[in-house]
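The values are calculated or read from the model by the stated rules, or taken from the named source; none is laboratory data. Quick caveat: nothing in here was measured; it's all calculated off a predicted structure. Note that we place each Cβ from the backbone using ideal geometry, even for glycine, and neighbour counts take in every protein chain shown. When the accessible area is computed, the model is the full protein with side chains, heavy atoms only, and any ligands, DNA or RNA have been set aside. Shrake-Rupley method; radii C 1.70, N 1.55, O 1.52, S 1.80 Å.
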Amino acid sequence: MKRSTLFKVAIESILKNKLRTLLTMLGIVIGVGAVIVMVAVGQGARSQIAAQIASLGTNMLVITPGSSAQGGVSQGAATFNRLTISDVEKLMREGTTASLVSPVVVTRTQAIGGGTNWRTSVNGVSVDFQTIRAWPVAEGGFFTDQDVRTSRKVAVLGSTVANNLYPGEDAVGQMIQLRDVPFEIIGVLTTKGQTASGTDQDDVVIIPYTTAQTKLSGHTFISQIVVGTQSSSEIPAATDEIRAIMRESHRLAPADADDFTVRNQSDLTAAATGTTDVMSTLLASIAAISLLVGGIGIMNIMLVSVTERTREIGIRMSLGARGRDVLTQFLVESVVMSLVGGVIGILIGVAGAAILGKTMGWHTEVSTQAVMIAVAFSAAVGIFFGFHPARKASGLDPIQALRHE
Amino acid sequence: MSIPPVIRTEGLTRTYDAGRNAVHALRQVNLTIERGEMVAVMGASGSGKSTMMNILGCLDTPTAGTYWLDGERVDGLDRDARADIRNRKIGFVFQGFNLLSRTSAIDNVELPLLYDHSGRHLDTQALAAAALARVGLSDRADHHPSELSGGQQQRVAIARALVTEPALILADEPTGNLDSRTSVEVMALFQELNEQGVTIVLVTHEPDIARYAGRIVEMRDGRILRDEPVSNRHDARADLRALGTAVEEAAV
Ligand SMILES: Nc1ncnc2c1ncn2[C@@H]1O[C@H](COP(=O)(O)OP(=O)(O)O)[C@@H](O)[C@H]1O
Ligand SMILES: [Mg+2]
């Protein structure tokens with residue numbers, strides 16, 4: 001039989017029994033739809049977390065007090081507040097690959113301005129901070145090295161603080177009071193959004209670290225030192241360099257363990273995406289199982305259909321159909337049904353992912369890779385699970401098949 | 001060179017392996033049927049008629065013996081070769097019509113042409129339409145089997161058997177599912193085709209049907225008991241006309 005006629009015969013046969021076709025395709029439709037939705041959810045979560053982490057700055061290293069071996073927990077008075085301004089200054093002087101350095105001097109206080117007040121975190125940093133965190137200003141500007149040297153009382157507001165103190169107004173040029181000290185607002189930062197752990201990154205006031213240490217009364221401490229490199233490939237070298245400088249600065253003997261921890265963003269990224277990878281894999285496996293069940297459904301209905309169509313097969317054989325003609329007809333039927341089911345499944349999956357994204361507020365991402373895999377898988381399911389029934393049909397004895405029923 | 005007979009068998013034997021005791025369904029059958037003959041095979045149930053038809057139709061292979069179909073030896077052919085022989089040389093007509101449901105009359109008739117491997121049939125729809133015209137069903141081409149009477153379905157089946165211009169039409173009890181008038185109609189069609197040169201072998205256990213053939217082969221226990229020409233061959237069209245007047249007289 002000619003290939004085109006074979007297709008015609010198979011397609012006609014599919015169209016002639018719509019209920020049977022629908023039932024056969026249902027498993028594949030659900031399976032492929034589930035794969036698309038679940039991969040979209042997993043992929044969406046993954047790239048959202050990756051984007052959040054990237055928003056922290058990708059070429060950034062973070063030095064925190066306490067050794068990682070002790071889980072970062074301070075060990076009494078001896079290990080208390082281990083990061084000092086002399087650490088920062090030594091890193092600034094001696095760092096080469098660690099070219100950008102900024103302390104983060106943290107104070108929590110009330111910010112008073114615009115006739116109201118807002119409790120927030122005041123971070124004293126160097127000029128490099130803006131580059132390390134890759135955080136441009138939305139309005140106004142950032143402070144300069146000159147401002148840091150002279151401990152000027154200037155502040156750059158995170159967008160949350162600006163919106164709360166000066167809603168609908170231009171905050172730049174206004175004054176705010178931090179611990180009774182008046183600061184001039186010279187800029188407002190762009191919105192970064194929440195961190196992966198849900199902290200609002202924009203709920204912050206940024207001032208020169210010198211100002212934080214000398215002009216603000218009360219307790220201040222260096223919660224971390226952030227360091228930036230020119231490219232992510234320099235991160236390992238920079239880590240080694242930072243460790244050497246910090247050990248020297250803390251006068252640690254060769255046998256002593258580090259009393260600080262250096263982390264980079266790729267560690268954090270790996271940790272976070274690792275979790276979502278596990279989730280994606282889990283979701284994809286569940287979906288793959290449903291695809292497999294769909295395939296078994298196809299085989300089941302194809303087998304029933306071979307029995308039901310035994311006489312038809314006998315008639316075709318008596319008219320001159322070879323075993324291979326019957327085999328191909330059944331295989332083509334099964335593959336066409338799986339593929340059509342796959343395409344419907346993709347449409348439903350894409351729609352489902354969009355609906356989930358809308359109603360649940362989840363970030364979903366339909367990847368072309370998942371779509372291609374789903375199509376390939378459904379064709380494979382059609383061939384694999386269609387083959388057994390098709391071979392059974394092609395091996396029937398025409399006399400017995402004609403006598404069936 | 002003389003024209004070979006359509007069917008020639010020598011010592012045709014078929015033994016079924018039914019458990020402990022084998023069933024000898026055909027025993028050493030020698031049969032020759034010439035081109036243009038119309039032969040009725042008769043015999044009691046279980047005498048081996050269907051077994052012989054299956055072998056003559058290349059649906060089954062003999063246990064022993066030789067079989068030449070249209071000059072070609074076919075008793076030892078494999079499955080695929082037999083499928084091709086059935087497609088090119090044989091047209092089947094069954095008792096139960098065996099049309100594909102959900103498929104129009106013309107598409108049913110077209111079906112054998114689709115399984116032709118030689119690619120000699122170009123416009124298969126036109127050939128199918130011509131075959132339907134030969135059985136007088138052009139106006140039912142798009143009807144499905146369920147929309148046709150038994151007699152009409154059997155005529156579609158005959159058109160399907162004719163469409164490939166086979167050397168032989170084999171019909172196993174073609175009137176078995178039809179009432180007597182429709183049976184005569186179908187036999188009239190067979191006689192008409194036979195007059196056009198089509199070789200026909202049909203199985204029947206009704207003597208009234210067998211006498212429309214030109215020759216009767218009677219079987220018993222897998223052997224040919226009797227093989228002779230029909231002396232008073234009936235003309236089905238004349239019988240139909242007579243039936244028509246009888247019906248008209250009855251209506252008066
Ligand atoms: N597939 C088979 N297996 C075993 N025995 C069979 C089979 N087909 C037919 N027979 C036996 O062969 C004999 C001839 O049967 P068959 O050719 O069908 O006769 P008929 O058509 O004249 O009634 C019977 O005894 C029948 O029981
Ligand atoms: Mg029989």
If you check B:VAL23, B:VAL39, which single one turns out to be more than 10 Å from ligand 2 (Cβ to nearest atom) and open to solvent by less than 40 Å² (accessible area, probe 1.4 Å)? B:VAL39
Please count how many residues of segment B:204-230 are assigned to a strand (DSSP E or B) and under 18 Å from B:LEU12 (Cα atoms). 9
Answer residue from segment B:164-187, given it is open to solvent by less than 20 Å² (accessible area, probe 1.4 Å) and within 16 Å of ligand 1 (Cβ to nearest atom) and is nearest to B:ARG86 (Cα to Cα) among those: B:LEU170
The one condition B:GLU110 fails out of (1) free of Cβ contacts under 8 Å to residues at least 60 places away in the same chain; (2) over 29 Å from B:GLN191 (Cβ atoms) is (2)
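Listed here are the residues, each with its yes/no results for (1) touching a residue at least 12 places away in the same chain (Cβ under 8 Å); (2) within 16 Å of ligand 2 (Cβ to nearest atom); (3) more than 14 Å from chain A (Cβ to nearest Cβ); (4) hydroxyl-bearing (Ser, Thr, Tyr).
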residue	(1), (2), (3), (4)
B:PRO166	yes, no, no, no
B:VAL186	yes, no, yes, no
B:LEU189	yes, no, yes, no
B:GLU195	no, no, yes, no
B:VAL201	yes, yes, yes, no
B:HIS205	yes, yes, yes, no
B:ILE216	yes, no, yes, no
B:ARG220	yes, yes, yes, no
Condition test on A:LEU402, is it within 14 Å of another protein chain (Cβ to nearest Cβ) and either of a type in the set (Lys, Arg) or not in a helix (DSSP H, G or I) (or both)? no
Given the structure, is B:LEU148 open to solvent by 10 Å² or more (accessible area, probe 1.4 Å) and either under 24 Å from A:GLY323 (Cα atoms) or within 12 Å of chain A (Cβ to nearest Cβ) (or both)? no
Of all residues in segment A:35-50 being open to solvent by 40 Å² or more (accessible area, probe 1.4 Å) and closer than 25 Å to A:GLY341 by Cβ, the one that is modelled with the lowest pLDDT: A:GLN43
Among strands (runs of 3 or more DSSP E) lying entirely in segment B:1-97, which contain 1 or more residues that are within 16 Å of ligand 1 (Cβ to nearest atom) and either within 14 Å of chain A (Cβ to nearest Cβ) or over 27 Å from B:GLY150 (Cα atoms) (or both)? B:7-16, B:23-33, B:64-69, B:90-93
Does A:ALA390 satisfy being touching a Leu at 6+ places or on another chain (Cβ under 7 Å) and under 25 Å from B:LEU59 (Cβ atoms)? yes
